[in-house]
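The values are calculated or read from the model by the stated rules, or taken from the named source; none is laboratory data. Computed from a predicted model, the values in this text were never measured in an experiment. Virtual Cβ from ideal backbone geometry, glycine too; neighbours counted across all protein chains shown. Accessible surface areas use protein heavy atoms only, side chains included; no ligands, DNA or RNA. Shrake-Rupley method; radii C 1.70, N 1.55, O 1.52, S 1.80 Å.
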Amino acid sequence: MDPLSLYNQTPATVPAQQGFLRNLDLSDSKITARVVCLLLPFPFLIHYLVGLALFHWTHLRPKDKQVPPTLPHLVPLLGSALPFAFDCVNFIRHATRYAGSLVPVRLSIIAGDIFLFQGPKTVAAVWREQQLGSPIFIYTFALQHVFGMPKRALAAYRADDSGSHRRPHPESNVEPHNRVDFLTHQILFKAFGGSGLNKAFDRCAGILRRNLEGLAIPEDEWIEMPDLWAFFQSQLGTAVLEGLYGPTLSLLSPGFLQDLWAFDRATPKLAKLMPKFLIPEAYRVRGRLLDSIRRWHDHARQHFDESSIDADGDADPYWGSQMVRSRQKILLEVDGQDYDAIAAADLGLIWASVTNVVPSSMMTALHIFRSPPLTTRLRTTLLTDNPITINPSSLTGININLDNILHHQPLLSSIYAETLRLHLQAYVTRASPHRDVAIGRRWALPRGKVCMVNTYASHMDESFWNTRAGRHPVGEFWADRFLIDPLDEGSGPVRGDVGREVYTRPGEEEKEQKPFFSVQGLEGAWIPYGGGYAACPGRQFAKRIILYTTALLVAAFDVEVLTERLVMDDRCFGLGTQKPRHAVKFRIRRRRAGDKL
């Protein structure tokens, strides 16, 4: 139609035709929008399909020294960030498996690539590689985002590429006083694995006995309590905190321990980089903890002198231990560090040393007391090898031989190992800042990239762990999983079709072949403390605390768990030991005078 002809139309017909044109344009817009909506997903779908093809190709056409393939994802920049952060358990369960086996995988996330190395042989190769001995990457991340270290102090941590070994990496130029990774590792190793180990343990054990002795729990009467986890937080948490850091911290800040447990619940949100306006209470409780630590440090600097040190040469009432005193001196010599930075570093240390060993001890005891037959069986084994008479008026009258507990109680050791296998959910992080690293013969990690090993994936590997033909699934507690019976080929922690390791039992010359405990051959599968040179320096301390606490409770108390259904909390996945999601009710009474285990 000629546009000029519109002038010749009657007034009544013009609006109708204009309306028709408007409707025609609107229809075209809708069609265009629909076409765009239909075409929009295609680039993402193509991106995913190409990634999926490359992922399969890498696994089906293996090469030596190969970089793990990228897990397929739809959105290029976002990658796997959301499921990695917010659906951890299911994501790790599926991302680390291929054709029924654990395999390494590269994760593309917003901050860059992360390499998850899984599978027993692959993980064992990670531990053997000295180039991957430093966890400084995760330390720096946690100090900044979780523990609130000022940014000005983080530069020294980020710049430290010298490694954890005594001899620095030959390509590193870090000054000796700035080798913060090595220096702090040495302090912790001495405190928890060297000369300070028995002293620290003895103090914590003594305070625990004092705490339990002071409870108003009669011999012949059951006392019902609302939550076993709260009981352990108070009794054992106080013992570990005071035993390692002295009494002054809690005296100056009576609510410190309660704040620490509140902070522990908030750490997953801080680790996911959630902003302050979304989680204000998490930032407030961290601020209170940092204020308490600064107040403690100031008080100790004003009042401590060498005469304050106890006769054991380690403890003192102000700093608490040689470990803390050494950290004060060494960290202040690192470039960019001040009192605020050291407060954040000590918050990290206190959190790591308290909030894992306490729930691990609680879960060990919980599994024992949930099963009366197991409780009786454990008491019988303790009685056979180490008779203990209960003195109800004083727990100091209980003589528990630590060496016997550590080395001659296979059932208790198996319960301990099984509890950590089932409930320790953490990422063990390494990096190689100077060169590409071969992980065994098959895989490689590029220089400067982050390597992670997830304990949950390893501990829940159905293709590795012995389940007695499915009677004891990997997701359930089995007290005997780590016991090896020389007369039973079906025993032991490893599946028979994987290959039974040749175990050597101490005292093999004895004629009587009894079941024994062993983690031999499990270096890449049972990894609650990581592995290699940079394995958790507190592992020997933690083991002593867990076994001693369990033996003490079994010796001194009868405990009945009243909550039938146990639901575990996965919200702290990747940050340590799993805890019950809901309160676990129980009742408790002291064992009578003259009772034996």
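Here are a few things to note about the model shown:
- Odd one out for M323 among (1) over 18 Å from A142 (Cα atoms); (2) not in a helix (DSSP H, G or I): (2)
- Any chance D64 is more than 27 Å from L270 (Cα to Cα) and either more than 29 Å from the chain's Cα centre (by Cα) or not small (G, A, S) (or both): yes
- Residues that are of a type outside the set (K, R), more than 23 Å from F84 (Cβ to Cβ) and part of a loop (DSSP other than H, G, I, E, B), drawn from the range 434-462: H434, D436, G440
- Among residues of the range 141-165, those that are of a type in the set (S, T, N, Q) and at pLDDT below 95, counted: 2
- Within the range 258-274, being among the hydrophobic types (A, V, I, L, M, F, W, C) and open to solvent by 20 Å² or more (accessible area, probe 1.4 Å) holds for A262, A271, L273, M274.
- Evaluating I217 against the criteria (1) farther than 28 Å from Y139 by Cβ; (2) in contact (Cβ under 8 Å) with a residue 60 or more places away in the chain; (3) out of contact with any Phe, Trp or Tyr (no Cβ under 8 Å at 6 or more places or on another chain); (4) open to solvent by less than 50 Å² (accessible area, probe 1.4 Å) leaves one unmet condition, (3).
- Among the helices (runs of 4 or more DSSP H) confined to the range 114-231, the ones with at least 1 residues that are within 30 Å of Q66 (Cα to Cα) are located at 120-128, 136-145, 151-159, 180-193.
- Within the range 493-513, considering residues that are in a loop (DSSP other than H, G, I, E, B) and at pLDDT 85 or above, the one least open to solvent (accessible area, probe 1.4 Å): P493
- Exclusive hit being hydrophobic (A, V, I, L, M, F, W, C), under 30 Å from P268 (Cα atoms) and modelled with pLDDT under 90, set L45, L52, L38, L77: L77
- Each residue in the range 384-421 was checked for being hydroxyl-bearing (S, T, Y), modelled with pLDDT under 65 and either crowded, with 21+ Cβ neighbours inside 10 Å or within 14 Å of R591 (Cβ to Cβ) (or both), and 3 pass.
- Tally of residues being open to solvent by less than 70 Å² (accessible area, probe 1.4 Å), within 26 Å of the chain's Cα centre (by Cα) and of a type in the set (D, E, K, R) across the range 280-317: 1
- Of all the numbered requirements in (1) touching a residue at least 40 places away in the same chain (Cβ under 8 Å); (2) touching a helix residue (DSSP H, G or I) at 6+ places or on another chain (Cβ under 6 Å); (3) more than 30 Å from H177 (Cβ to Cβ), S371 misses one, and that requirement is (2).
- Some residue of the range 561-581 being touching a helix residue (DSSP H, G or I) at 6+ places or on another chain (Cβ under 7 Å) and more than 26 Å from I92 (Cα to Cα): yes
- Residues that are within 17 Å of the chain's Cα centre (by Cα) and either surrounded by fewer than 17 Cβ atoms within 10 Å (Cβ to Cβ) or basic (K, R) (or both) within the range 71-89 comprise F86, D87, V89, listed in sequence order.
- Residue in the range 533-554 that is over 26 Å from D403 (Cβ atoms) and either crowded, with 22+ Cβ neighbours inside 10 Å or touching a Gly at 6+ places or on another chain (Cβ under 8 Å) (or both) present: yes
- Taking (1) in contact with a Gly (Cβ under 9 Å, 6 or more places away or on another chain); (2) of a type in the set (V, I, T); (3) at pLDDT 90 or above; (4) open to solvent by 30 Å² or more (accessible area, probe 1.4 Å) in turn, V67 satisfies each apart from (1).
- Out of G313, G287, sole residue that is part of a loop (DSSP other than H, G, I, E, B) and out of contact with any Asp or Glu (no Cβ under 6 Å at 6 or more places or on another chain): G313
Per-residue answers, yes or no, for (1) open to solvent by less than 10 Å² (accessible area, probe 1.4 Å); (2) not polar (S, T, N, Q):
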| position | (1), (2) |
| --- | --- |
| I342 | yes, yes |
| A352 | no, yes |
| N356 | no, no |
| M363 | yes, yes |
| I368 | yes, yes |
| L382 | yes, yes |
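- Every condition in (1) modelled with pLDDT of 90 or more; (2) acidic (D, E); (3) more than 18 Å from E219 (Cα to Cα) is met by E560 except one, and the failing one is (3).
- Qualifying residue in the range 430-451 (condition: hydrophobic (A, V, I, L, M, F, W, C) and within 13 Å of the chain's Cα centre (by Cα)): no
- F277 meets all of the listed conditions (1) outside any helix (DSSP H, G or I); (2) surrounded by 18 or more Cβ atoms within 10 Å (Cβ to Cβ); (3) of a type in the set (F, W, Y) but one, namely (2).
- Filtering the range 297-306 for residues that are touching a residue at least 12 places away in the same chain (Cβ under 8 Å), part of a loop (DSSP other than H, G, I, E, B) and farther than 30 Å from I109 by Cβ leaves a non-empty set.
- Among the residues of the range 239-257, at least one is in a loop (DSSP other than H, G, I, E, B), out of contact with any strand residue (DSSP E or B) (no Cβ under 8 Å at 6 or more places or on another chain) and open to solvent by 50 Å² or more (accessible area, probe 1.4 Å).
- The listed residue being open to solvent by 20 Å² or more (accessible area, probe 1.4 Å) and small (G, A, S), out of G119, G133, G100: G100
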